[in-house]
Amino acid sequence: MNSTGLAPTPLAAVPVGPGRATALGLALLALAVLGLGLGASVGSTGLDSVLNARHDPVAWQIVWDIRLPRTLGAWLAGALLGLSGAVAQGLFRNPLADPFLLGSASGAALAVALAFAALGVSGMVSGSSGAALAQAASPALARLGLTGAAFVGALGGVLLTLVLAQGVQQTLRLLLAGVVVGYVLGAVRELVQLAQPDVLQAMQGFTLGITGFVGWSACAVMVAVLLPLLLAAWLLARVLDALTLGEDTARSLGLPLAPLRALLIAVLALGTGTAVAQTGLIGFVGLVAPHLARGLARSTHGPLVLLSTLTGGLLLMAADIAARLVIAPQELPVGVLTSVLGGLYLLWLMRQRTRAGRRA
Amino acid sequence: MNTAALATRLTGARIGAQPILHAIELHLAPGRWVAVVGPNGAGKSTLLRVLAGLLPGDGQVWLQGRPLADWPARARAAQLAWLGQAEGGADDLLTEDVAMLGRLPHRPWLAPPGAADHVAVEQALHATQAGELRGRRLGELSGGERQRVLLARALAVQAPVLLMDEPLAHLDPPHQADWIAIARAHAAAGGLVVSVLHELGVALQADELVIVRAGHVTHHGPCASPITHQALGAAFDHRVTVHPVAGQWVALPRVPQPETSHAD
Amino acid sequence: MTRRLLALLLLWAWACAAQAYDITDDTGHVTRFATPPARIVSVLPSLTETVCALGACERLVAVDRYSNWPAAVRRLPQVGGGLDPSVEAIAALKPDLVLMATSSRAGVRLRALGLKVLQLEPRTGADVRRVVVTLGRALGVAGAEALLQRIDADVADAANALPASARGLRVYFEVSPAPHAAGRGSFIGELMHRLGLVNVIGPEQGPFPRINPEYVVRAAPDLIMASQRSLIDMARRPGWAGMAALREQRTCGFDAEQRDVLVRAGPRIAEGARLMVQCVRQHLDKR
């Protein structure tokens, strides 16, 4: 019992230690594999496809080329968002930081709109139109593709937010700056869409949060981005830990804050940009995954970043499976489900905090 | 200059556009505990931050005889430990993890904590009586307990120079006494402790007193000297007097006497 | 014997190759067909209607949730919307051809799965003609030209049904409450032109511009055409209550079914023209 006689908060009941974090990580991985299996069995054609996969080439295609990459893709996109969320919350020392709130989503959307406008919707969407490429001001840009454009845009949006907020010290200013940047970049995007109606249509398709269009090549892109980002975030976790004590202390401990922070922001932007490029705007995952991970196993940022990645992946994969299952053979939009799941969890969290506050 | 563990010669220091410090020259020798006192808003914290290299001042700061800017970041961090005022955040970290953060200047980038690190953390936790708080998260601790853990973090660095801004915040008298013992032991071992304090009674236990007023250092001298005591009184507009009590110097506020106006 | 077989084989292969044809869609993709497609999925209502108008309705195996004409189509399985079709549902149907709009991301995915996809999105009158002809060729049916002639004749009839006093009537056609209007370059605008009506939206604004509401007030149209839902709140827009057309109730509110006819650039544009004529006559008689 501490000296002021306060009862410990309910969350203190969670046992702590690296052992628990490892156990949790393994459990999340196991659940992910299970989820993959479930995802391969769920869809508009139900279990039939799995049962007939051996002798029916269409059923095989459905299970192997459609359901599996989609389920894996949902996990990968969720993992990228969970990773970005953990980095954002650690970097800005604010549990409300969501990668989308800091201008990354609006920046990515604007960059994609500009790319559509410059290179022609067909060229970007179908990825091969020779005519569109010939029109392109820069063929190199065309090769960069949606993911590249989204990354550059996400990076630009976050940097703009930081410049407006004049650093990361004041969290209120940071969040306000994020809102402002969101509005401003959104307005610029509207201008682009007005100028070219083609772009408006294409953007509607782009920003809609859909996991259903992810194929094996999209999965490959996401894996190629996730692994180095995860490694970078894990190596930089030490910076996040030191930052929790304040900037002055972190600097006094000998950490070169400026370049390391820049790297972390790049991780944040690339993670968000890649996820947005493949699956559109899916909210809540980046915000809730780190909270969930922290609620299940408190630890320093090294394990937290890994756990948040695994949690985010599981969350979006579960939402994708539920989207296909709930009103089968029809599908719900996955963004609706993440909002429901995420919203419910945050409500529960609020009640926990209020109850703890009342007890004290 | 060469004997000073920490020295500075400043023409001024600003926060934003606001000038806080003016011309200051200070030499602090090793093996001492130096207390920095002064009225509110005098610039004590700013001075400490300039000495720690956290705030650029117009002038030079020397650490162990070398200009601060010449020190590589990790080497400097291993020489100079800092404990700031009211450090927020870190609510989710465990006590021992917070203390282990103090070992960052000594650990190679990717390595897990080594034996030397664990020993240092143990010693630091023991010294601040924070060993019993092991396994608890920083967010659930009371103000005093939290302060002891943060102090342990600073001690875990095992740096010869310790700079602390208001280290006694929330600490009850027994733990304040513990802290004094730590500061004295550190100085006796050859290190330098510089602490900004507003508890004048504790400040007068130190070896040297630096009095800051309106951005200037108005006095720097031994705590036992009567000149220092007079300077202290002057710095606070003579509303403070220093008296010896039970072998220690105590600063008492001069309370205005009530007027005798009763008709009784 | 083997030489004969070889000759027959070669003849058969040449015949097949001669039958094969290429179709280029609106994104520039070239799709090769060995035989006309027999199982078609369409996720754009105007394309669904065009397929049926060309007489190939029985070849449709699935549509999107918005395709609702002709009635037979409503009995078909629905595979989602135009922007978010269910890839699995479409693949499970083993279609020979999938029809969709140019702006959908699903096209890339479906092509990657080996399905034939034609992305067509008609927005102007010329687009409608081109889509009808392209689909006619793709489906291997002969009725494309006849259909176009029938549509033209019907539009001409509708134009004739308008009395001369209606010529030059200034009309504002609202497509959505944003407000998005039908400009002169859109197929709706072209129909209005053929009917002798004047579109208040100038040609410089593009086919479906999002306009400044003030523009409409200044333009002071004689007649407003919009959906019933838009009309309910229209008078509340700042400055609009003062417009002569709203004050004197010179408005036409189209219900959901009529809206479907009017905004789809498909084979029913003549019916859309008739609806517009009906609207104009309603208000001419009032005068």
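The values are calculated or read from the model by the stated rules, or taken from the named source; none is laboratory data. Every value quoted in this text rests on a predicted model; they were computed, and no experiment measured them. Quick reminder, even Gly has a Cβ in these numbers, built from the backbone with ideal geometry, and neighbours come from all protein chains shown.
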Can you find a residue that is surrounded by 23 or more Cβ atoms within 10 Å (Cβ to Cβ) and farther than 30 Å from A:Asp65 by Cβ anywhere in segment C:83-93? no
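Can you work out which of the residues in segment B:58-73 that are within 10 Å of chain A (Cβ to nearest Cβ) and surrounded by fewer than 17 Cβ atoms within 10 Å (Cβ to Cβ) is nearest to A:Ser252 (Cα to Cα)? Give the derivation first.
Taking segment B:58-73 first, the residues within 10 Å of chain A (Cβ to nearest Cβ) are B:71-73.
So of that shortlist, the ones also surrounded by fewer than 17 Cβ atoms within 10 Å (Cβ to Cβ) come out as B:72-73.
Details: B:Pro72: 12, B:Ala73: 8 Å.
Once the filter is applied, the top-ranked residue is B:Ala73.
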So, of the residues in segment A:39-55 that are hydrophobic (A, V, I, L, M, F, W, C) and crowded, with 16+ Cβ neighbours inside 10 Å, which turns out to be nearest to A:Cys219 (Cα to Cα)? A:Ala40
All positions within segment C:8-33 that are assigned to a loop (DSSP other than H, G, I, E, B) and within 26 Å of the chain's Cα centre (by Cα): C:Asp25, C:Asp26, C:Thr27, C:Gly28, C:His29
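What number of residues within segment C:238-267 satisfy the criterion of being in contact with a helix residue (DSSP H, G or I) (Cβ under 8 Å, 6 or more places away or on another chain), in a helix (DSSP H, G or I) and charged (D, E, K, R)?
Residues of segment C:238-267 in contact with a helix residue (DSSP H, G or I) (Cβ under 8 Å, 6 or more places away or on another chain): C:238-243, C:246, C:250-255, C:258, C:260-267.
Keeping just the survivors that are in a helix (DSSP H, G or I) gives C:246, C:258, C:260-263.
Of the ones still in play, those that are also charged (D, E, K, R) are C:260.
Summing the residues that are in contact with a helix residue (DSSP H, G or I) (Cβ under 8 Å, 6 or more places away or on another chain), in a helix (DSSP H, G or I) and charged (D, E, K, R) in segment C:238-267 gives 1.
Based on this model, can you work out whether B:Ala77 counts as crowded, with 17+ Cβ neighbours inside 10 Å, among the hydrophobic types (A, V, I, L, M, F, W, C) and within 7 Å of chain A (Cβ to nearest Cβ)? Show your work before the answer.
On the way: crowded, with 17+ Cβ neighbours inside 10 Å: yes; among the hydrophobic types (A, V, I, L, M, F, W, C): yes; within 7 Å of chain A (Cβ to nearest Cβ): yes.
Answer is yes for this residue.
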Contact list please: Cβ distance under 6 Å, first residue in segment B:46-61 and polar (S, T, N, Q), second residue crowded, with 24+ Cβ neighbours inside 10 Å, pairs at least six apart or on different chains. B:Thr46/B:Leu21
Residue in segment C:39-55 that is nearest to the other protein chains (Cβ to nearest Cβ), counting only those that are more than 21 Å from A:Ala202 (Cβ to Cβ) and of a type outside the set (A, V, I, L, M): C:Arg39
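Inspect segment B:41-51 for any residue being part of a strand (DSSP E or B) and either modelled with pLDDT under 90 or closer than 30 Å to B:Ala234 by Cβ (or both) and give the result as yes or no.
no
Quickly run through segment C:243-258 and pick out the residues that are of a type outside the set (S, T, N, Q) and buried (at least 19 other Cβ atoms within 10 Å of the Cβ). Full working, then the answer.
Residues of segment C:243-258 that are of a type outside the set (S, T, N, Q), as a first pass: C:243-248, C:250, C:252-257.
Residues satisfying the conditions are C:Met243, C:Ala245, C:Arg250, C:Cys252, C:Phe254.
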C:Leu11 fails exactly one of (1) in the same structural domain as C:Val128 (by TED's automatic domain parsing); (2) over 27 Å from C:Arg268 (Cβ atoms), namely (1)
If you go through B:Val161, B:Val157, B:Val196, the only one that is of a type outside the set (Asp, Glu), within 12 Å of chain A (Cβ to nearest Cβ), touching a residue at least 24 places away in the same chain (Cβ under 8 Å) and under 27 Å from B:Ala224 (Cβ atoms) is B:Val161
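Answer yes if at least one residue in segment C:122-132 is outside any loop (DSSP other than H, G, I, E, B), out of contact with any Lys or Arg (no Cβ under 7 Å at 6 or more places or on another chain), free of Cβ contacts under 8 Å to residues at least 12 places away in the same chain and surrounded by fewer than 21 Cβ atoms within 10 Å (Cβ to Cβ), and no otherwise. Step through it out loud before you land on a result.
Going through segment C:122-132, the residues outside any loop (DSSP other than H, G, I, E, B) turn out to be C:125-132.
If we keep only those that are out of contact with any Lys or Arg (no Cβ under 7 Å at 6 or more places or on another chain) too, we end up with C:125-132.
Subsequent filtering for residues that are free of Cβ contacts under 8 Å to residues at least 12 places away in the same chain retains C:126, C:130.
Checking the rest, the ones that are also surrounded by fewer than 21 Cβ atoms within 10 Å (Cβ to Cβ) come to C:126, C:130.
Within segment C:122-132, one or more residues are outside any loop (DSSP other than H, G, I, E, B), out of contact with any Lys or Arg (no Cβ under 7 Å at 6 or more places or on another chain), free of Cβ contacts under 8 Å to residues at least 12 places away in the same chain and surrounded by fewer than 21 Cβ atoms within 10 Å (Cβ to Cβ).
Listed here are the residues, each with its yes/no results for (1) in a helix (DSSP H, G or I); (2) aliphatic (A, V, I, L, M); (3) within 10 Å of chain A (Cβ to nearest Cβ).
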site: C:Val73; (1), (2), (3): yes, yes, no
site: C:Ala91; (1), (2), (3): yes, yes, yes
site: C:Pro95; (1), (2), (3): no, no, no
site: C:Ser104; (1), (2), (3): no, no, yes
site: C:Arg109; (1), (2), (3): yes, no, yes
site: C:Gly114; (1), (2), (3): no, no, yes
Could you please give the count of residues in segment B:13-25 that are surrounded by fewer than 21 Cβ atoms within 10 Å (Cβ to Cβ) and closer than 23 Å to B:Arg76 by Cβ? 3
When residues of segment C:259-279 are limited to those that are within 12 Å of C:Ala159 (Cα to Cα) and not hydrophobic (A, V, I, L, M, F, W, C), the one farthest from the chain's Cα centre (by Cα): C:Gln278
Mind counting the residues in segment A:328-349 that are over 20 Å from the mean Cα position of the chain (by Cα), at pLDDT below 85 and away from every other protein chain (no Cβ under 11 Å)? 1
Would you be able to tell me the number of residues in segment A:66-108 that are among the β-branched types (Val, Ile, Thr) and under 13 Å from the mean Cα position of the chain (by Cα)? 1
Top-ranked residue of segment B:81-111 - restricted to ones that are in a loop (DSSP other than H, G, I, E, B), within 22 Å of B:His186 (Cα to Cα) and more than 7 Å from chain A (Cβ to nearest Cβ), ranked as modelled with the lowest pLDDT: B:Gln85
Determine, yes or no, whether B:His126 is surrounded by fewer than 23 Cβ atoms within 10 Å (Cβ to Cβ), more than 21 Å from A:Thr300 (Cα to Cα) and more than 18 Å from the chain's Cα centre (by Cα). yes
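Given the criteria under 26 Å from A:Val112 (Cβ atoms), assigned to a loop (DSSP other than H, G, I, E, B), more than 9 Å from chain A (Cβ to nearest Cβ) and not charged (D, E, K, R), does C:Pro36 qualify? Spell out the reasoning first.
Values: under 26 Å from A:Val112 (Cβ atoms): no; assigned to a loop (DSSP other than H, G, I, E, B): yes; more than 9 Å from chain A (Cβ to nearest Cβ): yes; not charged (D, E, K, R): yes.
Spelling it out, it is not the case that C:Pro36 is under 26 Å from A:Val112 (Cβ atoms), assigned to a loop (DSSP other than H, G, I, E, B), more than 9 Å from chain A (Cβ to nearest Cβ) and not charged (D, E, K, R).
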Which one of these does A:Pro228 not meet: (1) more than 8 Å from every other protein chain (Cβ to nearest Cβ); (2) free of Cβ contacts under 8 Å to residues at least 12 places away in the same chain; (3) in contact with a Ser or Thr (Cβ under 9 Å, 6 or more places away or on another chain)? (3)
